[in-house]
Amino acid sequence: MKVSHSIIKTQIREILLRWGMTEIHAETTATLMSDADLRGIDSHGISMLTVYDERRINFLTLQDTPVAIASETPVSVLVDGGGGLGYVPSMLGVDRGIEKALETGMCAVAVRNSAHFGAAGYYTRRIAEAGLIGMATTSCPRVQVVPTHGAEPKLSTDPWSFSAPAQRNAPFVLDMATSTAAGGKIRNRATEGLPIPDGWAVDAQGEFVTDAERAFTIGAFLTPLGAKPELSSHKGYGLAVMVNILSTCLSGGSLVTSEGHARRIPGTQDLNHFFLVMRSDLFRPAAEFAADVDTLIDDLRATRPIHPDHPVLVAGDPEEIAKAERSRDGIAIAPGLVARLREVAARCGAPFLLI
């Protein structure tokens, strides 16, 4: 079925409220989650309610949580997420970071005692729309990615995002997992009974696995970006380590390699996020910087494509295209996900609007 963005946002909000989230927190969280669906990031939108419901029931995340700035300097902010979902503390940190960067030139933001914060690109896009350069990283709860040459998982999908403002074009927004595929893409394929491509997951012997259910549950592990050593999987592996150093080693919290990661402390997954906000005019006039970003984007899009039906895009283009199409035509939700969301709504007594 296809559903409007407004209905998806309302459905998310109604469920969050029944879980005990405050009006303000539910509104913020629903806004960010539904934006992921609108931009074609189906792994991080309304489908995440099925995951959050499980974590809520198992007391891994809290709902009505205190979120506060723990400490700050002219160029840094540390936010405590109170053990709840990461959307509200991340927005608090990013918006405070933007304020400070506009005053001082740059600001580093760390969020501790948090949980899943959605699509990293939402935050860096917000930074770019303020005319600033941005970066975001986050640790993740599930240990499911093998290091290069490894036979057991030690890392997660560990995403990061980078953005830069332009003038004529939408901002450049790179948002990527450091695994070959985001875990949510595999979860969604498992929900619909669909296979995954070669390279997304391997077994303990290093052989590719195409069973999405097996890759998402037991018996198989996700691969770092590159899939195998011959295709430079060490690069994805190294990026994942970088993400964990910035996200966790700076702010404290549960290391992805520690025993009982994300389950050690009742009521919190103890995840961490990192954001960097910077003014380009520390180095040159901001208008000149943005003009060069525009030129670079235009030159890349002008590349002669292999096939005319597949033009060369830059990071952020697929999301902008999806937003235009889905704003007009609605957002498709697969039947397997609809059934699971109906169960989530019934469990908490929320109205089911996806009909």
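Readers should treat all values here as calculations from the given coordinates under stated rules, not as data from a laboratory. Source: prediction; values computed, not measured. A quick note on method: Cβ atoms are made from the backbone with ideal geometry, for glycine too, and the neighbour counts reach across all protein chains shown.
Plugging the Kirkwood radius over Cα pairs into Stokes-Einstein for the chain, at a temperature of 25 °C and a viscosity of 0.890 mPa s, what D comes out in µm²/s?
117 µm²/s
In the Gaussian network model of the chain, springs joining C-alpha atoms below 10 Å, which of S327, S179, S90 carries the largest mean-square fluctuation?
S327
When only alpha-carbon atoms count, how far does segment 220-307 stretch along each of its three principal axes, as whole angstroms with the largest first?
Extents along the principal axes, in whole Å: 50, 38, 20.
From a point 7 Å beyond the Cα of S76 in the direction of its Cβ, which residues of segment 110-143 have a backbone N at a distance under 15 Å?
110-112
Going Cα to Cα from K154, which aspartates and glutamates come in below 12 Å? Please leave out same-chain ones fewer than 8 positions away.
K154 reaches E259.
Step through the residues of segment 309-318 one at a time and calculate ³J(HN,Hα) from phi using the Karplus curve (6.51 cos²θ - 1.76 cosθ + 1.60, θ = phi - 60°), rounding each to whole Hz and writing x for Gly and Pro.
Each residue of segment 309-318 in turn: 7, 10, x, 6, 10, 10, 4, x, 4, x Hz.
Who wins for biggest fluctuation among S47, S280, S163 in a Gaussian network model of the chain, springs between alpha carbons below 10 Å?
S280
Going by Cα centres, segment 82-147 and segment 200-243 are how many Å apart?
The two parts, judged by their Cα centres, are 26 Å apart.
Compute for segment 1-150: radius of gyration divided by Kirkwood radius, i.e. Rg/Rh, restricted to C-alpha atoms, rounded to two decimals.
Using Cα coordinates only, the ratio equals 0.98.
For each pair in K9/K185; K185/K323; K228/K323; K100/K185; K185/K235; K185/K228, compute the distance between the two Cα atoms and list the pairs where it is over 25 Å.
Beyond 25 Å between Cα atoms: K228/K323; K100/K185.
Regarding segment 99-176, what whole-number volume in Å³ per residue does the convex hull of its Cα atoms give?
Spread over its residues, the Cα hull of segment 99-176 gives 109 Å³ apiece.
Cut-off 10 angstrom, C-alpha nodes, Gaussian network model of the chain. Which of G183, G134, G20 fluctuates the most?
Evaluated over the chain, the most mobile residue of the options is G20.
Counting only residues 5 or more places away or on other chains, whose amide H sits under 5 Å from the amide H of S179 once H atoms are built in the peptide plane?
For S179, the qualifying residues are L225.
Please give, to one decimal in nm, the separation of the simple spin-label points placed at M242 and M106, each 7 Å out from Cα toward the Cβ.
Computed distance between label sites M242 and M106 equals 1.5 nm.
Between L194 and E129, what is the label-to-label distance in nm when each label sits 7 Å out along the Cα-to-Cβ direction?
About 2.8 nm, to one decimal.
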